[in-house]
Amino acid sequence: MILNNLQFGYQVPYLTSDFLEFNLGQAIPLIGANGAGKSTFLKTIAGLIPHSKGEIIIENQSLTKLSLQERSKKIAYVPSTPPLIDQMRVNEYIALGRTPFLGLFGNLQQKDEEIIEQAILKLGLTPYKERFIHELSDGEKQLCTLAKALVQDAPVILLDEPSAFLDYANRNRIVELFKNLAKQENKLFIFSTHDIDLIDREFQEVLYIDVTENKLIKGNISLNKDAILEKAFNRNLGSFH
Amino acid sequence: MNPSLRMPIFIFLLIAIGIIAYFNLTYHLTELRWLWENNQGEQVNEGFILLKEFRLPRVFISIIAGGGLAITGMLMQTLFQNPLAGPYVLGINSGSNLFIGISLLTGIPFLMSEYGMVLTAFIGALLFGLLILLFSTFIKKSISLLLIGLMISSFTSAILSILESSSSANNLKSFVIWGMGSLQKVEFAQIGFITITFLILTLFSLTLMKALNALVLGETSASALGISVKRERQKIIVISSLFIGLITAYCGPIAFVGLTVPNLARILFKTQNHQVLFFANLLIGSFFLLLCDSIILLLEPYTAIPINGITSLIGAPMVILFILKNGRI
């Protein structure tokens, strides 16, 4: 995925990026202060918010030229709130990830069923697949949203604070899972997070929003942790903002 | 309910509809099966005439209106993500009521003709549907939207009561009777037109199921799944208004089917898969209205109850029951 001189956001000052290139097979955390624009960035890439300038290119195709449906085959987006739905079974929920591929009447084909079954197997959700989604714990729900994103079969998966509702152990687990899945499935995972310590341990490359310049930057957290945190939060981390 | 039980339940419902339809068609008809000579000297089977001209259209429109109202309710409830939504509560019906009211109370001949009624009912439903759609883009909280629907209903009732007070006795009577709802206004000759319209609408609504399934996740997630929410929303409003227009024109207002049946279908089938819910609503809706009509037939010797009265008498307590059972709505 390539971002070329992107300019985005709801209002002035807009956020910008230089030329940024991302390889498939990689998971990249996105960090930044509250309100810096992490969600806005993810939604912009997902095509839910229009961007004002620049280009987003995935697999040599500019996203602006694609219809919403074509776009959803390139990018899966997982919002920050876990699903709050009554009367829906896990397998029904995961099947919704196939929506971009369904015909006029929305019937699942044999191939769709197979893809769904594989995702369920891959994430160890087999014992849960007939259960109702509202009965699951937040950790299990997060796995379901991940499975739904996987069956969408898109090269890029964006997740808005996937660990927000998870306990300590599950936070580690889900980040580990992103790294493994990115490699196995040759996908690009970008996820926003506030778990700086975990990111520091597990990742080298991070995306962050430099709040002094309103700019999206890719940096190496293992080399410049202090500088990155300084720019991302514009504070010594002591004071509450 | 276990998904493997869906098919048996569908078959059960079909059989139940068949049995009630047979009952409604033939109840008390045997006593009337004598032959008499008409003035041309031909032998006429009065029972058969009764069956063809009265009972058959009545059973037919019960099935159509019940299924159509339930499907419309389902469309509205998923679109507004609110189980209390329905054509009635949101005020789409008020549009038809107002326009039909204007037609009947002013007594303009074209508007009182069959197609005039269908047209005015449809235009009224569509205008008010679009109004609700407009409000829904500004107002995200569904409870506020329902309150607006309620206000729209009160507003149209006020206009109607002003019209009523200044209209002729005959026009007033026909409007009041229309307002009670009736399954007996359809004639045998109209069955063809209604069937074709209903089938087209049903087919179109089947193309909305993919979007409805995604909309259960919320509008943002639906967009991320490639659903053009704005366009689908417009389609849903137009199709719902057409359903309501058709049904209201031929039956008058019928309350609570569109509100009660979709909730019942979801609770019974325990799914958010709208391809399943679609047929569940169609069948349960038809079954429900046929059953209400049976009650009317059974009580006919003692008292004449309008269909709107029966559906409300059964529907309202059921909605209260759902709320009590869920603890929320």
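Take the residues in region B:215-227 that are part of a helix (DSSP H, G or I), touching a helix residue (DSSP H, G or I) at 6+ places or on another chain (Cβ under 6 Å) and at the interface with chain A (Cβ under 7 Å from one of its Cβ atoms); name whichever of them is most open to solvent (accessible area, probe 1.4 Å). First the steps, then the outcome.
In the first step, residues of region B:215-227 are kept if they are part of a helix (DSSP H, G or I); the result is B:215, B:219-224.
Imposing the further condition that a residue be touching a helix residue (DSSP H, G or I) at 6+ places or on another chain (Cβ under 6 Å) reduces the set to B:215, B:219, B:222-224.
This time we only want the ones that are at the interface with chain A (Cβ under 7 Å from one of its Cβ atoms), so: B:223-224.
Numbers: B:S223: 26, B:A224: 8 Å².
This residue is B:S223.
Of the residues B:T303, B:T260, only one is part of a helix (DSSP H, G or I) and either touching a residue at least 24 places away in the same chain (Cβ under 8 Å) or on the phi < 0 side of the Ramachandran plot (or both); which?
Working: B:T303 fails: part of a helix (DSSP H, G or I).
Of the residues listed, the single one that is part of a helix (DSSP H, G or I) and either touching a residue at least 24 places away in the same chain (Cβ under 8 Å) or on the phi < 0 side of the Ramachandran plot (or both) is B:T260.
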Worksheet entry | Matching residues, region A:106-116, being open to solvent by 80 Å² or more (accessible area, probe 1.4 Å) and part of a loop (DSSP other than H, G, I, E, B) | A:N107, A:Q109
Worksheet entry | Residues (at pLDDT below 95, under 23 Å from the mean Cα position of the chain (by Cα) and either closer than 19 Å to B:V261 by Cα or β-branched (V, I, T) (or both)) located in region B:10-42 | none
Worksheet item: For A:D160, all conditions in the list (1) surrounded by fewer than 18 Cβ atoms within 10 Å (Cβ to Cβ); (2) of a type outside the set (A, V, I, L, M); (3) touching a residue at least 24 places away in the same chain (Cβ under 8 Å) hold save one; what is the number of the exception?
Response: (1)
Worksheet item: Residue check, B:L283 against (1) within 14 Å of chain A (Cβ to nearest Cβ); (2) modelled with pLDDT of 90 or more, all met but one. Which one?
Response: (1)
Worksheet item: What number of residues within region A:26-53 are assigned to a loop (DSSP other than H, G, I, E, B) and either under 17 Å from A:L6 (Cα atoms) or within 11 Å of another protein chain (Cβ to nearest Cβ) (or both)?
Response: 8
Response to the item:
Scanning region A:127-143 for residues that are out of contact with any helix residue (DSSP H, G or I) (no Cβ under 7 Å at 6 or more places or on another chain) and either away from chain B (no Cβ under 14 Å) or on the phi > 0 side of the Ramachandran plot (or both) gives A:P127, A:S137, A:D138, A:L143
Worksheet item: When you go through B:L268, B:L298, B:L283, B:L324 one by one, which is the residue that is part of a helix (DSSP H, G or I) and touching a helix residue (DSSP H, G or I) at 6+ places or on another chain (Cβ under 6 Å)?
Response: B:L283
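Among the listed residues A:I56, A:I94, which satisfies the condition of being β-branched (V, I, T), modelled with pLDDT of 90 or more and either touching a Gly at 6+ places or on another chain (Cβ under 6 Å) or in a strand (DSSP E or B) (or both)? Walk me through how you get there before you give the answer.
Values: A:I94 fails: either touching a Gly at 6+ places or on another chain (Cβ under 6 Å) or in a strand (DSSP E or B) (or both).
Sole residue among the options that is β-branched (V, I, T), modelled with pLDDT of 90 or more and either touching a Gly at 6+ places or on another chain (Cβ under 6 Å) or in a strand (DSSP E or B) (or both): A:I56.
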Item to complete: Scan region A:168-184 and report the pairs whose first residue is closer than 17 Å to A:D138 by Cβ and whose second residue is open to solvent by 50 Å² or more (accessible area, probe 1.4 Å), with Cβ atoms within less than 7 Å and a gap of 6+ or a chain change.
Response: A:V175/A:E202
Practice prompt. Please find, within region A:1-30, the residue that is most open to solvent (accessible area, probe 1.4 Å) out of those that are aliphatic (A, V, I, L, M) and within 15 Å of A:E213 (Cα to Cα).
Written response: A:V12
Item to complete: Give region A:165-178 a look and list any residue that's surrounded by 17 or more Cβ atoms within 10 Å (Cβ to Cβ) and in a helix (DSSP H, G or I), or say none.
Response: A:N170, A:R171, A:I174, A:V175, A:L177, A:F178
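Being more than 7 Å from chain A (Cβ to nearest Cβ), open to solvent by less than 30 Å² (accessible area, probe 1.4 Å) and either in a helix (DSSP H, G or I) or not aliphatic (A, V, I, L, M) (or both) is the requirement here; does B:L212 meet it?
Values: more than 7 Å from chain A (Cβ to nearest Cβ): yes; open to solvent by less than 30 Å² (accessible area, probe 1.4 Å): yes; either in a helix (DSSP H, G or I) or not aliphatic (A, V, I, L, M) (or both): yes.
When the stated conditions are applied, B:L212 passes them.
The values are calculated or read from the model by the stated rules, or taken from the named source; none is laboratory data. All figures in this text were calculated on a predicted structure; none of them were measured in a lab. Cβ atoms come from the backbone with ideal geometry, glycine included; neighbour counts cover every protein chain shown. The area values use the complete protein model at the heavy-atom level, side chains included, leaving out ligands, DNA and RNA. Shrake-Rupley method; radii C 1.70, N 1.55, O 1.52, S 1.80 Å.
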